[in-house]
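Shown next, in structure tokens, is the structure this report addresses.
Each reported figure results from applying straightforward, stated rules to the coordinates on display, with no laboratory input. Here the structure is a predicted model, which means the values were calculated and not measured. With ideal geometry, Cβ positions are generated from the backbone for all residues, glycine too; neighbour counts draw on all protein chains shown.
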Amino acid sequence: MNYQAIFESISSFDFILLPDGIVKKTQSPLFPISDDFFSLRQISFYKTAQDGWITCPRGAECLIWNSPWGTKLAFPGLFKNKIGKKFFESILKSNINAINIITNESNEANTRARQHLHEIRGLNSVIYHAAYALAQNQDFSYRDRNEKVGNILHGSELSKLRLDLADFTYKNTPLPTKKPYIPYQAFESVYRIMQSFSYKDKNVRLNWRAGNSNTTQIMAINGFKLIPFLLLDNAIKYSPEGASVEIFVQESSKNITCGAKSLGPLIEDDEKTKIFELGYRGTHAQKSGQGGSGIGLYYLKQLVELHDGLIEFEQATSKTPAGTLNSHHPTTFRVTLPIPTQFQRA
Amino acid sequence: MIIRFKPYKSINDLESIIKQKRSDRMLDLRERVKIMVIDDKDFSPQENLGRNHYRLTPIGGDIQDINVTEPYQVILVDLEGVGGKLNPEMQGAHVIREIKLSFPDKTVVAYTGGSSNTLIQTGVLFADHFLQKDSPIDDWIELLDECILSYTNPIDIWKRTRSRLLFNGLDPFRITLLEDVYVDNWLKANQNTGAVLSDKVKSLEISPVMSKVIQTLCIESIKGLVKLWMEN
């Protein structure tokens, strides 16, 4: 989808999504709108305004529009005469679909931002309370003290992974160049970081199954750790309470195969490729009651492809003794990463 | 015609005493009130709050029946990632709404690390309080103490009962007589205040509906409290 073309086709439509107040601002060559129209005072005026044309506190016309897909929008700083209004309404009608795409994009970006914030605040709370407990109590046993220090270190490392993911999803940083890197180390490190949290949060046990690959290198970007992180995060999230998640790294002559085995909700046949699409969540994953916005597997696939790799998954459906389908089934997400010729063993 | 020359005691007569004793009694009060935590993640403030004598019970985020909250007076609900089986869209906000509809007298605290405006607005609308997930321990303590006090201090207990009785149509004169007995017995540190109040309810020929309000909102709530508050 050429979003730039869509923006250009509706270049006069600087608008605000209500009630969130997200501003979709474009550089309009025809009707440049001053930033004053997007001030907090103006936005709060738009939020309370009724549908239709209305004069804003700055004296300009504004159209408040409840779009057919249920999103309320404000188009500020518009025309004062009747012909101008008619002209604007006609452009609006002919661009309904384009606006729909843009507002959906904004809503999705907003959802992603909230999810990152929620997770990072949660981790900040873990770090804070572990540090507070250490500061207040000098009489911790060696084991308790180590647990608290572990919470601080792993909480901080997990925060960094979440922030790296946010950077990656918002393309905040240019993609770093690839450097020789040992995938085994990334998997082992993420496994250690997530182990205590998965157990505390859901009583899920992580099992590390190391294969024969522990020193082989590939060419990887700086954020490579996001691959094991997203694999494990997905597996832990959908595992039932008290289940096990197995993480594995194995090597053949030309590839490193790594992934996670766990019990997960059923993925229907027609969903097998859709689950890697942005914003898509499987029907059974949604029914499981587990929150999510369908971004993890999408970015996992992007990261794997950045390393010229392949992601696949397989699921064996399991039944109860009565013959009905279980709620969770053995599921494996497997990532295959090619070993560049210079690092292949003879 | 009732002729009385000494003024009826009002709940205001208790206020200064309770205010004075509040900080001394807080640790004991914290141990009296059961707090439930509904969160899909480990509730990180739990250990530090536990060390401050709060009785917290985490039940995870997969709540499927609102009635599990019944034995608890204060409920802490994460807005994000809980109650997905009851309402995948509204999550914690739906749980809060259901709790307040089924048990309006429970205190519900909504908290989150970041949620949609709709979730936050609905959650805040139905919850009694709101807090950020990573708030410092002092904020948690201040808020939980406020919740606990509203359950355990005799002034709030009576005010809640009184407003329910007025709402249900009990005449102000009989409420004044009940308040007089209630306050008088608290000031005398009578550990049988509940029984005395119960006798007064009978003598005033208060309807069964109103009697039940007094029984559940007041007499049951003050069990063991007179000793805790009024002993030196």
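See the values below:
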quantity: Cα gyration tensor category, rounded, prolate or oblate, for chain B with a/c compared to 1.5; calculated: prolate
quantity: Values of log10 I(q)/I(0), in the order q = 0.11, 0.20, 0.21 Å⁻¹, for region B:104-232 under a Debye, Cα-only, solvent-free model; calculated: -0.51, -1.07, -1.14
quantity: Computed [θ] at 222 nm, helices only, for chain B once each DSSP H run of length n ≥ 4 contributes -39500 (n - 2.57); calculated: -15500 deg cm²/dmol
quantity: Positive-end residue, the protein assembly as shown charge dipole about Cα centroid, Cβ charges, pick of A:ALA135, B:LEU170, A:PRO180; calculated: B:LEU170
quantity: Top positive-direction residue, dipole computed over the protein assembly as shown with Cβ charges, set B:VAL209, A:LEU226, A:SER125; calculated: B:VAL209
quantity: Relative contact order %, region B:1-106, counting alpha carbon pairs below 8 Å whose residues are six or more apart; calculated: 23 percent
quantity: Calculated from backbone phi, Karplus (6.51, -1.76, 1.60) coupling profile of region A:263-271 in Hz, x at Gly/Pro; calculated: 9, x, x, 4, 10, 5, 3, 6, 9
quantity: The protein assembly as shown - charge dipole about Cα centre, Lys and Arg +1 at Cβ, Asp and Glu -1, debye rounded to 20; calculated: 420 debye
quantity: Relative exposure of A:TRP65, B:TRP229, judged by other C-beta atoms within 10 Å (fewest first); calculated: A:TRP65, B:TRP229
quantity: Size-normalised alpha-carbon gyration radius of region A:226-277, reference 2.2 N^0.38 Å; calculated: 1.30
quantity: Geometric extent, Cα atoms of region B:2-43 - Rg, Dmax (angstrom); calculated: 19.2, 62
quantity: Residues whose placed amide H lies under 5 Å from that of A:VAL245, excluding near-sequence neighbours; calculated: A:ARG205, A:LEU206, A:ASN207
quantity: Ranked A:HIS116, B:HIS53, criterion: other C-beta atoms within 10 Å, fewest first; calculated: B:HIS53, A:HIS116
quantity: Region B:1-69 and region B:162-177: distance between their alpha carbon centers, rounded to Å; calculated: 25 Å
quantity: Kirkwood hydrodynamic radius over Cα pairs of the protein assembly as shown, then Stokes diffusion coefficient at 37 °C and 0.692 mPa s, in µm²/s; calculated: 116 µm²/s
quantity: Derived scalar couplings ³J(HN,Hα) [region B:191-207; Karplus, 6.51 cos²θ - 1.76 cosθ + 1.60; whole Hz; x for Gly, Pro]; calculated: 6, 9, 3, x, 5, 5, 5, 4, 5, 5, 4, 5, 5, 8, 6, 7, 4
quantity: Rounded Å value of the spacing that divides the Cα centres of region A:250-264 and region B:207-226; calculated: 64 Å
quantity: Length-normalised contact order of chain B in % [C-alpha pairs under 8 Å, at least 6 apart]; calculated: 19 percent
quantity: Size of electric dipole in region A:241-346: Cβ of Lys, Arg +1 and of Asp, Glu -1, about Cα centre, debye, nearest 20; calculated: 120 debye
quantity: Sorted by Cβ density within 10 Å, fewest first, the residues B:ASP42, B:ASP171; calculated: B:ASP171, B:ASP42
quantity: 5 angstrom amide H check on A:GLY264, placed H, neighbours 5+ away; calculated: A:HIS329, A:THR331
quantity: Anchor A:LYS202: aspartates and glutamates whose Cα lies under 14 Å away (excluding residues fewer than 8 positions away in-chain); calculated: A:ASP233, A:GLU241, B:ASP39, B:ASP40, B:ASP42, B:ASP62
quantity: Percentage of interatomic Cα-Cα distances in region A:179-343 larger than 20 Å; calculated: 50 percent
quantity: Pair A:GLU277, B:LYS19: separation of 7 Å Cα→Cβ label points (nm); calculated: 6.4 nm
quantity: Cα-centre dipole for chain B with unit charges at Cβ (Lys and Arg positive, Asp and Glu negative), debye to 20; calculated: 1120 debye
quantity: Under the Karplus curve 6.51 cos²θ - 1.76 cosθ + 1.60, θ = phi - 60°, whole-Hz ³J(HN,Hα) for region A:47-59, x wherever Gly or Pro sits; calculated: 4, 8, 6, 7, 4, x, 7, 8, 8, 7, x, 7, x
quantity: Reachable aspartates and glutamates from B:LYS21, criterion Cα separation under 20 angstrom, eight or more residues apart if same chain; calculated: B:ASP13, B:GLU31, B:GLU142, B:ASP145, B:GLU146, B:ASP156, B:ASP184, B:GLU231
quantity: Farthest positive-ward along chain B dipole, Cα basis, beta-carbon charges - from B:ILE141, B:TYR111, B:MET230; calculated: B:MET230
